[in-house]
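One structure is given here, and the rest of the page talks about it.
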Amino acid sequence: NIFYFLTSYSIIFYFDDETYAHTNTEADLLKITNSTATETNTITFKPDPGVTPVITIIAVEDIIDYDYDTEYGFFIDGGSHIIFDGSNDNDAHRDTKIIMAGFNSSAFRILGYPTTHNITIKNCEIQGYANTVSNFGIYCGDITYLNAYIHNCIFDNNLITKEYNGIRIASALDMSNAYTGTKITNNTIGSSVVSDYVTGYGIFAQYQENI
């Protein structure tokens, strides 16, 4: 749990093991709340050079209950300049695999209360629990906080399979509360294997400017 995390330096948290397993009995694997980094002093999560981690997360709550502590893998609510980079050598390889093994769960959940900006998720392979239930690879936005803002998020070169929805980014209100600067590039959403299809939306974007 990274809470009100202020940094005067760039910080990198490395995944240095090949396998991780986490059950969200008490909390999501990683929760970041109101952490403030800058364009110069970023917070990055990535694998060690040469490591290809497989992270298995079992969520224990239904996503529709909005229990933000137990139904996601990586949860951000208020923060900036946070980078999840699945590459282990700073190139475009997807070296990190995230497996969501819990019912109606999402690998990444991003909220914007009061504001969240400059979040990057790239070079990750995300495998959902099932493509027949309401889950998401990346779920960005909120239907509760009408004055929440999420800006300048980048979702690049991710592979998303076995989810009902691939990427969802949506403001709760209307264009007066539109999110800006979203970039969704080079992602592969879905699979040629029936059990790994994305059966709902590949990308759902609502109330966006300059996407």
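Side notes on the structure shown:
- Between VAL51 and ALA101, the modelled label-to-label distance comes to 1.9 nm, taking each label 7 Å out from Cα in the direction of the beta carbon.
- Here r is the Cβ-Cβ distance between ASN41 and VAL193 and R0 is 45 Å; the resulting FRET efficiency, rounded to 0.05, is 0.60.
- Look at the alpha carbon pairs under 8 Å that are at least 6 residues apart: their mean separation over the length of the chain gives a relative contact order of 16 percent.
- Beta bridges per DSSP, both residues in the chain: antiparallel share near 0 percent.
- The charge dipole of the chain, taken about the Cα centre with unit charges on the Cβ atoms of Lys, Arg (+1) and Asp, Glu (-1), comes to about 420 debye, rounded to the nearest 20.
- Trypsin sites (Lys or Arg not before Pro) lying in DSSP loop within region 159-211, provided at most 10 other Cβ fall within 10 Å: none
- For the chain, the solvent-accessible area of protein heavy atoms averages 44 Å² per residue (probe radius 1.4 Å; ligands and nucleic acids excluded).
- Accessible area of region 94-198 belonging to carbon and sulfur atoms, whole % at 1.4 Å probe: 51
- Note on Cα Rg over 2.2 N^0.38 Å: of the candidates (1) 0.93; (2) 1.16; (3) 1.04, the value calculated from this structure sits at (1).
- Stretching the chain fully between SER8 and ALA130 yields a gain of 39.8 nm (0.36 nm per residue, less the alpha carbon separation).
- In range of the label at ASP17: residues from region 69-99 whose backbone nitrogen is under 16 Å from the point 7 Å along Cα→Cβ: 97-99
- Taking a ≥ b ≥ c as the square roots of the eigenvalues of the Cα gyration tensor, region 165-211 is classed as oblate, since a/c reaches at least 1.5 and a/b does not exceed b/c.
The values are calculated or read from the model by the stated rules, or taken from the named source; none is laboratory data. Since we're looking at a predicted model, the values are computed, not measured. Note: ideal-geometry Cβ built from the backbone for every residue, glycine included; neighbour counts use all protein chains shown. All accessible areas refer to the heavy atoms of the entire protein, side chains included, with ligands and DNA or RNA removed. Shrake-Rupley method; radii C 1.70, N 1.55, O 1.52, S 1.80 Å.
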